[in-house]
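Enquirer: The structure's right below; bear with me while I get my questions together.
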Amino acid sequence: MEEREETRKIQFTGKSSYIVSLPKQWIMDLGLKQGDQIRMVRKGSSTLELYPPKFESRSQKKEEAIIEINSEEKASSIVRKLISLYFLGFKTINVKPKDGRLSPIQRNTVKEAVKRMLMGSEIISDSSGGITVQVLVNLLELSVDGAFKRMIHLAKSMSSDAILAVKENNLDLAQEVINTDDEVDRFGFYIIRQLKIAIQNEHMLKEMGFRNPRNCLGYRLVVKNIERTGDHAAFIAKDLLEFKKSVKKEILEKLQDMNEFCLSVLDDACLALFKEDYSQAEKTIEKTSEIVKFEKKVREASKSLKDDEEIYRVRRMTENIRRISEYASDIAEIVLNMNIEKAIKKTS
């Protein structure tokens, strides 16, 4: 997205107004003419935004949305609609029955979704006749980088705690890992919402620290990989809750080493992302290939197993852990794509 900047003097006119002229080329580019109305919005103490007429109605429509719910509508359908409107940047979401009233189950579904999934949202009105959800979060209060770092920390903690839960046969810790997955998703949904807003608003794009909309797409793909990292930690925890017993110590030690390696390359990939380091991303991709050494050690330690159930569990754990290294490699490739132009300039 091309950014253009002009400096103009503020001039005083009349007794209560000041005027600022706009560049003629901007007016022509936007298809404006003398007499057109420009909407002005003051945001905070340091920002003024101008909206041409053709963008005004679109920005106003983003303020409020209505979901009409059938009496037979399933909870999963209601949640998907809420998340979609949250992603699109609406500040107020009204959930109303198409006919009659919302059932207690539907009301609880909305309230749980807001609490567990939609960061910065609150229910300001709740009755059988409808629920109003208000998104209160300040767009710049929690930066995308800040939310992303918190998301990574949670996903890594989940992975370490999942292995620890298996080692100790700790069912409470396993359940906590599963519960934390919701928190990872909340940060993911928040980031996606911010990215969508940044793509549609040139000023917000700059405020959030992105050079161009393409970087927003890169971050969107990275978020998905971190979400999946949390998912695989939850799979390991669910496995423990299902079988309610650990695996052999010598095998678990190898799995723990494998997990620590995967988390280290995930760290490397994310560091390359934050530093916009093309070289670091290349090294990370090369390093992820070493995962086969750790898998081989797990296989060697598993040769003595006779129990089909335990063989199956070890294979599943190995697969869930290995996926983390694959996500680290995917993130590093995204970093390469986002920074290839900078790398070319340095070498030329």
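The values are calculated or read from the model by the stated rules, or taken from the named source; none is laboratory data. Keep in mind it's a predicted model, so treat the numbers as computed, not measured. Reconstructed Cβ throughout: ideal geometry from the backbone, glycine too, with neighbour counts over all protein chains shown. Areas reflect the complete protein model, heavy atoms only, side chains present, ligands, DNA and RNA absent. Shrake-Rupley method; radii C 1.70, N 1.55, O 1.52, S 1.80 Å.
Enquirer: Between residues in the stretch 307-326 that are modelled with pLDDT under 95 and residues that are open to solvent by less than 50 Å² (accessible area, probe 1.4 Å) and hydroxyl-bearing (Ser, Thr, Tyr), which pairs lie under 8 Å by C-beta distance while being six or more apart or on different chains?
Expert: From the stretch 307-326, the pairs are Ile311/Ser302.
Enquirer: Check Ser159, Ser127, Ser84 and return the single one that is surrounded by 22 or more Cβ atoms within 10 Å (Cβ to Cβ) and among the polar types (S, T, N, Q).
Expert: The unique qualifying residue is Ser159.
Enquirer: Tell me which residues, restricted to the stretch 7-58, are open to solvent by 80 Å² or more (accessible area, probe 1.4 Å), modelled with pLDDT of 80 or more and either in contact with a helix residue (DSSP H, G or I) (Cβ under 6 Å, 6 or more places away or on another chain) or not hydrophobic (A, V, I, L, M, F, W, C) (or both).
Expert: Thr7, Arg8, Lys9, Gln11, Tyr18, Lys24, Gln25, Lys33, Gln34, Gln37
Enquirer: Quick one: what pairs do we get from the stretch 274-285, first residue more than 14 Å from Ser325 (Cα to Cα), second among the acidic types (Asp, Glu) and open to solvent by less than 50 Å² (accessible area, probe 1.4 Å), C-beta under 9 Å, 6+ apart or different chains?
Expert: Note: pairs meeting the criteria are Gln280/Asp268.
Enquirer: With the requirement that a residue be in a loop (DSSP other than H, G, I, E, B) and either under 30 Å from Leu336 (Cβ atoms) or polar (S, T, N, Q) (or both), what does the stretch 218-260 give you?
Expert: Answer for the stretch 218-260, where residues must be in a loop (DSSP other than H, G, I, E, B) and either under 30 Å from Leu336 (Cβ atoms) or polar (S, T, N, Q) (or both): just Ser246.
Enquirer: Right, another one. If you take the residues of the stretch 253-272 that are of a type in the set (A, V, I, L, M, F, W, C) and open to solvent by 10 Å² or more (accessible area, probe 1.4 Å), which of them is farthest from Ser157 (Cα to Cα)?
Expert: Top of the filtered list is Leu271.
Enquirer: For residues that are in a helix (DSSP H, G or I) and among the acidic types (Asp, Glu), scanning just the stretch 273-307, find the one that is most open to solvent (accessible area, probe 1.4 Å).
Expert: Taking the candidates together, the pick is Glu286.
Enquirer: Please go through the stretch 180-201 and pick out each residue that is at pLDDT 90 or above and among the aliphatic types (A, V, I, L, M).
Expert: Val184, Ile191, Ile192
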